[in-house]
Amino acid sequence: MGRRVLIVSPHFPPVNAADHQRVRMSLPYLEEFGWEASVLTVRPEDVTGVYDPLLLKTVPELVDVVATKALPAKVTQRFGLGTLGWRCLPYLEKAGANLLKQQAFDLIYFSTTAFPTLSLAAKWYRQFRIPYIIDFQDPWLSDYHKQNNTTPPGGQLKYRLNQLFAQWQEPKALRQVSHVISVSPEYPKVLCDRYPWLKPEQCTELPFGAPQADFELLPSLGVEQKIFDPKDGFRHWVYVGRGGADMSAALRFLFLGIQQLRQASASLWQPTKLHFIGTSYAPENKAVETIMPIAREFGLEDIVEERTQRIPYFEAMKVLVESDAILLIGSDDSGYTASKLYPCILAKRPILAVFHQQSSVVNILRQSKAGRAVTFDGSQNVSKRLASMKADLEWLSSLPQQYQPETNWLAFEPYTAKKMTQKQCEIFDRCVAETVGVTS
């Protein structure tokens with residue numbers, strides 16, 4: 001039997017959430033690299049989100065999944081505490097403590113954006129002296145909205161309260177952390193600057209792995225997508241993922257290029273439809289469009305469609321596969337790395353990415369030759385790069401329907417889920433070895 005890790009991931013299948021992507025995609029390979037996993041999560045009926053039972057087919061049957069309850073969102077939302085991290089915290093703490101008392105674990109691995117649950121890391125370390133790793137998929141303590149003068153999700157009051165909690169708990173969580181994993185190369189630098197005891201060698205940038213097994217499974221599932229008819233004669237370009245104010249610069253850059261090309265030749269753009277899908281995490285009755293207002297600014301409302309509601313995971317994959325082109329829209333935050341890049345490459349459709357020039361997405365896309373990237377920099381006028389944008393849009397428009405790019409799969413191999421899990425387990429091994437060395 002290999003070493004054992006307790007994975008704390010409040011979002012988990014069958015709920016469709018980006019939070020569990022790393023966990024879900026690593027589970028099939030952990031045993032191969034010497035690790036046995038138990039997953040501590042929350043019951044799907046207590047998690048708000050898109051229910052997708054097909055996701056359960058991707059979780060190995062031998063994985064032990066312990067699901068605890070959480071306070072009902074309908075009740076806690078009245079007090080501004082609808083976030084899963086707050087609702088599940090007492091139940092997760094009790095269930096986790098019981099597991100750690102009853103079973104032998106070599107490591108605890110937190111992989112979630114339900115940030116209040118990270119406060120359990122230090123507490124459990126004091127109780128059980130088991131090394132732990134924190135996987136930051138997004139920053140916990142952040143001044144992004146203050147610096148950019150934007151309204152945070154949930155409003156200013158809720159955001160400030162969450163940030164006060166982060167100011168209190170983040171240093172505690174990181175005081176005894178064995179290792180920090182992050183999808184972004186920038187956040188570990190911020191953490192090392194913020195906490196002098198945290199060393200660069202304790203941090204690793206590790207993007208989500210490419211879910212090749214999911215694409216192999218997709219044809220057998222009989223999934224249909226309801227976003228567009230791929231045989232209706234239109235060219236369908238798709239973007240699947242969140243919107244937001246931080247993406248407005250990239251969107252304006254994209255839409256300006258399309259606007260100018262349409263003015264020069266409107267007929268060439270008539271058959272093109274742009275679909276932006278799942279742009280909000282909010283319930284349908286509370287979701288706010290972030291794409292269409294910008295599309296209207298540029299007179300593109302006749303070819304742009306925004307659907308704020310998220311769709312099931314495998315339906316989203318079907319959308320990518322049946323599209324004629326895939327759009328990737330980046331944040332004005334240079335550290336933003338879109339985990340959705342890898343599924344887009346695996347969908348085997350040409351990609352046009354609009355990203356900050358420092359984002360790792362740019363290099364990966366160019367290395368794999370799966371598409372093109374147009375970059376921008378917040379300190380520059382986007383018009384300086386408009387010629388490149390228009391050239392790439394014309395390239396995308398010239399491709400035949402269902403065109404498949406000549407992707408360099410050898411260059412892409414290091415980004416597969418298996419390779420990423422191998423790196424992840426090497427970090428696990430190192431943390432346990434270091435702990436044994438300290439205590440022996």
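The values are calculated or read from the model by the stated rules, or taken from the named source; none is laboratory data. The structure presented is a predicted model; accordingly, all values stated were derived computationally and were not measured. Heads up, the Cβs are rebuilt from the backbone with ideal geometry, glycines too, and the neighbour counts pull from every protein chain shown.
Identification of strands (runs of 3 or more DSSP E) wholly contained in the stretch 170-254 with 3 or more residues that are under 28 Å from L352 (Cβ atoms) yields 235-240.
Scanning the stretch 4-19 finds no residues that are more than 29 Å from L141 (Cα to Cα), at pLDDT 95 or above and assigned to a loop (DSSP other than H, G, I, E, B).
Can you tell me which residue within the stretch 279-313, out of those that are of a type in the set (F, W, Y) and at pLDDT below 95, is surrounded by the fewest Cβ atoms within 10 Å (Cβ to Cβ)? Looking at residues that are of a type in the set (F, W, Y) and at pLDDT below 95, I get Y281. Which one of these does K384 not meet: (1) in contact (Cβ under 8 Å) with a residue 40 or more places away in the chain; (2) out of contact with any strand residue (DSSP E or B) (no Cβ under 7 Å at 6 or more places or on another chain); (3) charged (D, E, K, R)? Failing condition for K384: (1). Pairing each residue of the stretch 91-106 that is over 14 Å from A70 (Cα atoms) and assigned by TED's automatic domain parsing to the domain that holds A37 with any residue that is among the β-branched types (V, I, T) and in a helix (DSSP H, G or I), provided the two are 6+ apart or on different chains, yields C-beta distances under 8 Å for D106/V432.
For the stretch 183-193, filtering for residues that are in contact (Cβ under 8 Å) with a residue 24 or more places away in the chain and either basic (K, R) or surrounded by fewer than 19 Cβ atoms within 10 Å (Cβ to Cβ) (or both) leaves 3. Filtered by the rule that a residue be surrounded by 12 or more Cβ atoms within 10 Å (Cβ to Cβ), hydrophobic (A, V, I, L, M, F, W, C) and not in a helix (DSSP H, G or I), the stretch 49-105 gives V50, V59, V63, V65, V66, A67, A70, L71, L81, F105. Note on the stretch 208-227: residues that are free of Cβ contacts under 8 Å to residues at least 60 places away in the same chain and over 21 Å from W409 (Cα atoms) amount to 2.
Of all the criteria given as (1) crowded, with 17+ Cβ neighbours inside 10 Å; (2) part of a helix (DSSP H, G or I), the one not satisfied by S267 is (1).
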